[in-house]
Amino acid sequence: MTTESTAATPVGSAAPAPKGAPVLKLTDINMSFGATQVLLDVSIEVRAGEVLCLLGDNGAGKSTLIKIMSGVYQPKAGKIEVDGEEVTFSSPRDTAKHGLATVHQFGGTFPLMTIGRSFFVGSEPEKGWGPFKRFDRKYANETAVREMRALGLTRITDGNRLVGGLSGGERQVLAIARAVHFGARVLVLDEPTAALGVKEAAHVLRIVMQARKKGIAVVFITHQVTHALTVGDHFAVLIRGIKAADFRKGEKTREEITDLMAGGEAMAELEAELEAYQFAGHGESTELPTA
């Protein structure tokens with residue numbers, strides 16, 4: 001049997017050379033839990049107005065790296081720098097002080113809160129004086145709705161709506177709008193499109209590109225290569241806690257990236273096994289045995 005193949009070409013034009021110092025830089029980050037090494041000498045950097053796509057399959061170490069960037073974990077070894085100065089993140093509040101905001105897969109929002117209250121949680125605006133101070137609901141609702149609409153979510157008009165009534169994509173918009181409003185200079189987005197439909201995922205990707213245009217540095221964590229190639233300028237691939245590749249847009253094909261994430265050799269072995277099964281006494285049948 002013969003197959004036809006065509007040479008793959010890199011997706012998109014090459015990104016321009018990076019300018020300026022990285023806003024966020026991690027150097028030789030190591031993390032282990034007991035005897036289990038989770039991250040080994042991982043180094044990444046992201047600049048203002050750039051999207052770094054951090055790619056990897058399940059178990060690659062992405063979640064641990066996110067928790068280090070968001071101050072949940074402290075690395076066993078390595079260095080974190082913001083604007084060229086070494087920092088230590090001892091808590092998520094520390095990262096916020098340095099202009100980093102992490103948006104988790106479901107937006108990190110509170111389903112039983114209103115949009116306005118969730119937008120300002122931890123930084124509630126108040127009105128009144130002394131013992132008569134109270135939450136300024138009107139200001140909170142108007143601000144939250146305005147910021148969400150500025151990111152293209154025009155159907156949101158009422159800040160009194162419960163967050164639990166929003167779709168996954170709308171929660172992502174709420175969380176990103178909140179981060180931008182409070183001055184985030186680095187957005188760490190944890191699988192923002194993983195649980196979304198096509199239209200909602202497209203809207204979140206548009207918001208990522210808006211953030212880039214505003215000069216915000218974005219770390220986009222995903223296992224979906226197509227989404228990464230749509231918005232990414234710079235790419236890093238993690239495999240079992242090790243950075244296996246680091247490249248700019250246009251330097252690798254979609255197929256090469258997918259193969260890297262899958263382990264390359266493992267995929268080649270699987271293809272060889274399937275081909276051997278196909279011809280080992282089964283003619284040209286490609287059907288696998290049924291239970």
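Here, each number is a calculation from the coordinates, and none is a lab measurement. All values derive from a computational prediction rather than experimental measurement. Cβ sites come from the backbone with ideal geometry, for glycine too, and all protein chains shown count toward neighbours.
Values computed for the structure shown
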read-out: Fraction of beta bridges assigned by DSSP in the chain that are antiparallel (%, nearest 5); value: 55
read-out: Point-charge dipole on Cβ atoms (K/R +1, D/E -1) for the range 97-139, about Cα centre, debye to 20; value: 140
read-out: Net length gained if the chain between Trp129 and Met209 were fully extended (0.36 nm per residue, minus Cα distance); value: 24.6 nm
read-out: R0 of 25 Å, Cβ-Cβ distance Asp41-Glu273: FRET efficiency to nearest 0.05; value: 0.15
read-out: In sequence order, calculated HN-Hα J values of the range 143-154 (Karplus, 6.51, -1.76, 1.60; Hz; x Gly/Pro); value: 5, 4, 5, 4, 5, 5, 5, 5, 8, x, 8, 6
read-out: Sequence-distant residues sharing a close amide H with Ile216 (under 5 Å, placed H); value: Gly49
read-out: Helix axis angle, 265-279 relative to the chain longest principal axis, alpha carbon, degrees; value: 50
read-out: P(r) weight above 31 Å for the chain, C-alpha pairs, percent; value: 38
read-out: Note, ³J(HN,Hα) from phi for the range 28-40, Karplus 6.51, -1.76, 1.60, rounded to Hz, x at Gly and Pro; value: 6, 6, 10, 8, 9, 10, x, 8, 8, 7, 9, 10, 10
read-out: Dipole magnitude (debye, nearest 20) for the chain, charges at Cβ of Lys, Arg, Asp, Glu; value: 2160
